[in-house]
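This report concerns only the one structure given below.
Please treat every number below as a calculation from the coordinates, not as lab data. Everything numeric in this text was worked out from a predicted model, so none of it was measured.
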Amino acid sequence: DANSREWRYVPVRRYFLAFEKAVRDRMIDYVFHTNDANLWENVRGMLTGFCLQQFKSGALAGKNADEAFFVQVGQGETMTDMDILEGRLIVQIGLAVARPAEFIVLTFVHHMESDRMSIQS
């Protein structure tokens, strides 16, 4: 929603557009993997590493990485049994940017066995 409070800062919106594209590009490698705990750990590790790079480069606010971002993925955390059976890999990433001085949470829903991904913020 371009009219929401989070997106009134143009640099923040541009950053999130680039971030979304980078995540989408990284997630394509996991399209044909089994949607299980091994995949969730691999995705969590890959995305945590990417967010850590963003933090170290100064793109995220916070005194340490725990204050700058979080990555959540897994059964009971972001997905139900039905999500897994229907082939949805749901990842939530929270990023602390300088403006609007609060976390903005993106939810990525990756439809396994296809390159279809939807993003909600």
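A simple rule links phi to the HN-Hα coupling: the Karplus curve 6.51 cos²θ - 1.76 cosθ + 1.60 with θ = phi - 60°, which for the stretch 41-56 gives 5, 4, 5, 4, x, 5, 6, 5, x, 5, 5, 5, 4, 4, 5, 5 Hz, with x for Gly and Pro.
Backbone phi angles across the stretch 22-39, fed through the Karplus curve with coefficients 6.51, -1.76 and 1.60 (θ = phi - 60°), yield HN-Hα couplings of 5, 5, 4, 4, 6, 6, 4, 5, 9, 4, 9, 7, 6, 7, 9, 4, 5, 4 Hz in residue order; Gly and Pro are listed as x. A simple rule links phi to the HN-Hα coupling: the Karplus curve 6.51 cos²θ - 1.76 cosθ + 1.60 with θ = phi - 60°, which for the stretch 73-90 gives 7, x, 5, x, 9, 10, 10, 9, 4, 5, 4, 5, 4, 8, x, 9, 9, 10 Hz, with x for Gly and Pro.
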